[in-house]
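The values are calculated or read from the model by the stated rules, or taken from the named source; none is laboratory data. Computed from a predicted model, the values in this text were never measured in an experiment. Positions of Cβ are backbone-derived with ideal geometry, glycine not excepted, and every protein chain shown enters the neighbour counts.
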Amino acid sequence: MVIAGEWYVCVNLLMDMICLLAASRLSSLRARAGRIFLSALAGTLLSMAALRIWGARAGVYAALPLAALMALLAFGLHRAPRGTLQLFLMGLMAAGIAQRLHVLGMRVLSATVACVPAAAFAAYLLVRHQSKAGERADVRLLFEGGGVTLNGMVDTGNMLRDPVTDLPVVVVGYRAVSAYMPPGMACDRLETLPRGFRLICVRTAAGRGMLMCFRPRALYVRCGRVWRAADAVVAVSGTLEGQRALLPPTLNL
C-alpha cells in the first residue's frame, strides 16, 4: 500500500485540529489557536514517525498515547482534563506491549487486546467526569482579614471562565462573603465595582447579566479529609442564597 505523504500530513493535521477544538469546547478549556495548531502538528509528525517505524498498522498502537499527548500539549499539564497524564502513560504501555506482540508474530488482534486496559481506563475517566454533577466539596476562601468556609457543589452548567486569566470561575453568594468585601460595594449595582474587581458576563435561563469577580488570597477545596489549593476566580452573586458555592466541573477536585 502506498500512502502520499503530503495528503497524509494535511488530513492528519486537519483531523487533529478538529479533535482538539472539539475537546476544548466540550471541556470548556480554552487554548490559543496557535497552540492548538502546534499540538496538532506535533501529533501529525509523531504519527508519521510511528508510521515509518511500525508500518501502516501503527495507528492501532499509537493513536491513544498520541491523543493524550496532544491534549497535554494543547491545554498544559495543570489544565488538561483530569487523568490525561495517566491515560498517556497507559497508552504508551499498551502501544509498547502491542508492538512487541506484533514483532513476536501475533496479528493485529493482539494490539486490540493489549489496548483494552487503556481503553477501559479512558471510559472510566469519561464516566467519572460526567458524573461529577452534584458532587459536593467544602470550599475555603481566604481574604486579608480572615476566611469563610462554604458548601460547594459541582454545577455542570457553570462553564464560566475569566477572560483575563482564563481561569475557571467559582460562584458564591454575596451574603456569605459580604463581611470581607470592600466598603460601599453592592453586587447588584455595577457602578460600585471596587478597585481590583472586574465584571464577567454570564448567561442563564433568565437572560444575560454581569457579575463582579475577584481573585481571593487563596482558595481551597476539601476532597475527603484533604484540603487542596485550587486556582480560580470568584464571582459574587446576589441571588445565590446561603453559605453555598457553585463549582465548575473543570475545577480539579
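Things to note:
- Verdict on Gly184 being out of contact with any Phe, Trp or Tyr (no Cβ under 9 Å at 6 or more places or on another chain), at positive phi and in the same structural domain as Thr149 (by TED's automatic domain parsing): yes
- Within the range 184-200, restricting attention to residues that are more than 17 Å from Phe143 (Cβ to Cβ) and touching a residue at least 40 places away in the same chain (Cβ under 8 Å), the residue that is surrounded by the most Cβ atoms within 10 Å (Cβ to Cβ) is Ile200.
- Test result for Pro249, at pLDDT 90 or above and part of a loop (DSSP other than H, G, I, E, B): no
- Each residue in the range 140-196 was checked for being within 12 Å of Val233 (Cα to Cα) and part of a strand (DSSP E or B), and 7 of them qualify.
- Condition check for Arg195: more than 24 Å from the chain's Cα centre (by Cα) and modelled with pLDDT of 85 or more: yes
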